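What follows is a single structure, written as structure tokens, with notes after it.
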Amino acid sequence: MKISVIGAGYVGLTTAACLAQLDHDVLCSESDLDKLAKLQNGVLPIFEPHLEQVVRLTMASGKLRFGSTIEAIEHGQTIFICVGTPPLPNGDADLSAIEGVARAIAKRASGYKLVVEKSTVPVQTGAQLKKYLAVLGANGLDYDIASNPEFLREGTAVEDFLHPDRIVVGVESPRAERLLREIYEPIVKQSFTCPVHSDCARAKDPVFLVTDISSAELIKHASNSLLAMKISFINMVANLCEVVGADVTKVAQGMGLDPRIGPAFLNPGIGFGGFCLPKDVQAFIRIAEKSGCDFSLLKEVEKINQQRVEHFVEKLRKELWVVRGKRIAVWGLAFKPNTDDIRFSPAIAVVKALLHEGATIRAYDPEAMAKTKAIIPEITYCSDAYHAAEGAEAIILLTEWEEFRQIDWSRLAALVDRPLMIDARNALSAQDLASCGFYYIGVGGITAVPQMAKPVISTLVTAQHGEVAVG
Ligand code: UGA
């Protein structure tokens, strides 16, 4: 099927490459000309596991091409709009890019087009889009509008797109539903050749859920807001655990065993970041407000999230006493592992707060250093986790990359000035670290002291509750 994807960000690029992998004939457009030129040469502007491989494969087979917006509007019978909807200062989603695409479609498209919103948009954007096209599209354009929210996560985007739990389509006509069913049939039947898993035939079949457009739009914002709520909830439980001496990992495990709750998204930390959850919660609050509903529950979710960075920095202050002049190793800068994305990364917020207090930062992240350097040039960027730890008075783990779990703790202990690990993600084993001489402080009451603790530091650490007894 001839498909166009407008916008080559995380969602657009993944959508385009994966639809091409399903054997559709895809043209993906990008308005940033530098980025477009790179994409046309098979160079990706982002790090996303497996995506480069799928882009290269599908470009080589001629199924995926990159071009201008005008070319995209002319090419596809179905046009997926995947442009950015960043937050405005008041929290509303900025829909100007969507409006720009609608205007271009109204001016340039002819024949029949199925226009699909895939960008995350406020409820009733579909209705606006339809009105807009009707007013502008006086050239006899025949079209349908549909909403097809995307639920992929950065870091696992290709897998999420090809093996989703559900595909949600909001439609107003049988024709739009039929086209979308046809496009997604290989995914629904899991009948395509998977570039990631050789055994993908075993993947569960996704549900294809057909709704009206407004419901599909709401499903996206409501899902992201509920995920954010789970995170803020467990973060508050973690605070409580720290005070009463309980272990949040056990609490989360016990809660998650109830299938009505589930274990996912119950990892406490330094708050949810990235370009989706924070802006979507904000936008959902605004959508509710404008509709006359006071969704104050979500305001609390946001407030709790905003307190996470300060809560973490305060923990570090308690250990270091004076932060000014202290050498701190930072492990992880991306907002989550397996991405180089630092937008709204809580790790970046921690680094900025520590710089403000006069700390000396030595940072390492497997993928996100180039992007961080562009906005924070004044810290030392290191070649690996060991290099960052040299002479450090504290190591802080801010993003739970897998490679941090593979560290040789004895080797690390010999490099640091003071063996203190503050793990903002509960990613490491308190026992492993403590048995190699580290003081370990996690989130939600998980702490450990080394077997041979030096008294001056142990008094600081033993003040914490929920201490793990080692040795
Ligand atoms: C999120 C949703 O999970 C996707 O379903 C959605 O499609 C996407 O937003 C989007 O709207 O485009 P993403 O932003 O890639 O995906 O990342 P998540 O895996 O949701 O993580 C978001 C943040 O929450 C990260 O900072 C992560 O570290 C944090 N998090 C996540 C926690 O602190 N604890 C958890 O238990 C889970």
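The values are calculated or read from the model by the stated rules, or taken from the named source; none is laboratory data. Here the structure is a predicted model, which means the values were calculated and not measured. Ideal geometry is used to build each Cβ from the backbone, glycine not excepted, and the neighbour counts take in all protein chains shown. With ligands, DNA and RNA removed, areas are computed over all heavy atoms of the protein, side chains included. Shrake-Rupley method; radii C 1.70, N 1.55, O 1.52, S 1.80 Å.
If you scan the range 334-360, which residues turn out to be closer than 22 Å to residue 321 by Cα and in a loop (DSSP other than H, G, I, E, B)?
357, 358, 359
Checking the conditions here, which among 315, 336, 299 is open to solvent by less than 30 Å² (accessible area, probe 1.4 Å), basic (Lys, Arg) and at pLDDT 95 or above?
The conditions single out 315.
Filter the range 388-408 down to the residues that are touching a Phe, Trp or Tyr at 6+ places or on another chain (Cβ under 7 Å) and away from the ligand (no atom under 16 Å from the Cβ) and list them by number.
Those that are touching a Phe, Trp or Tyr at 6+ places or on another chain (Cβ under 7 Å) and away from the ligand (no atom under 16 Å from the Cβ): 388, 395.
List pairs: first residue in the range 356-373 and at positive phi, second residue open to solvent by less than 60 Å² (accessible area, probe 1.4 Å) anywhere in the structure, Cβ distance under 7 angstrom, at least six positions apart or on different chains.
Close Cβ pairs satisfying both conditions: 358/323; 358/325.
Residues 127, 176: which one is open to solvent by less than 10 Å² (accessible area, probe 1.4 Å), over 23 Å from residue 10 (Cβ atoms) and either in contact with a strand residue (DSSP E or B) (Cβ under 9 Å, 6 or more places away or on another chain) or at pLDDT 95 or above (or both)?
Going through 127, 176 in turn, the sole match is 176.
For residues that are part of a helix (DSSP H, G or I) and either away from the ligand (no atom under 16 Å from the Cβ) or modelled with pLDDT under 95 (or both), scanning just the range 191-220, find the one that is surrounded by the fewest Cβ atoms within 10 Å (Cβ to Cβ).
202
Please name all residue pairs, on different chains or six or more residues apart, with Cβ atoms under 9 Å, provided the first residue is in the range 308-330 and is over 23 Å from residue 415 (Cβ atoms) and the second residue is open to solvent by less than 60 Å² (accessible area, probe 1.4 Å) and modelled with pLDDT under 95.
318/464
Does residue 181 meet the test of being open to solvent by 30 Å² or more (accessible area, probe 1.4 Å), more than 18 Å from residue 75 (Cβ to Cβ), under 29 Å from the mean Cα position of the chain (by Cα) and within 16 Å of the ligand (Cβ to nearest atom)?
In short, no.
Looking only at the range 245-277, how many residues end up being more than 6 Å from the ligand (Cβ to nearest atom), touching a residue at least 60 places away in the same chain (Cβ under 8 Å), of a type in the set (A, V, I, L, M, F, W, C) and open to solvent by 40 Å² or more (accessible area, probe 1.4 Å)?
So the answer is 2.
Quick one: residue 325 ticks every box in (1) away from the ligand (no atom under 12 Å from the Cβ); (2) open to solvent by 20 Å² or more (accessible area, probe 1.4 Å); (3) assigned to a helix (DSSP H, G or I) except a single one, so which number is it?
(3) is the only condition that residue 325 fails.
Looking at 42, 7, which one is closer than 19 Å to residue 86 by Cα and not hydrophobic (A, V, I, L, M, F, W, C)?
7
Here are some conditions: (1) within 24 Å of the chain's Cα centre (by Cα); (2) among the β-branched types (Val, Ile, Thr); (3) surrounded by fewer than 14 Cβ atoms within 10 Å (Cβ to Cβ). Residue 237 meets all but one. Which one does it not meet?
Every listed condition holds for residue 237 apart from (3).
If a residue must be away from the ligand (no atom under 13 Å from the Cβ), within 18 Å of residue 6 (Cβ to Cβ) and touching a strand residue (DSSP E or B) at 6+ places or on another chain (Cβ under 9 Å), how many such residues does the range 133-168 contain?
Adding up the residues that qualify gives 8.
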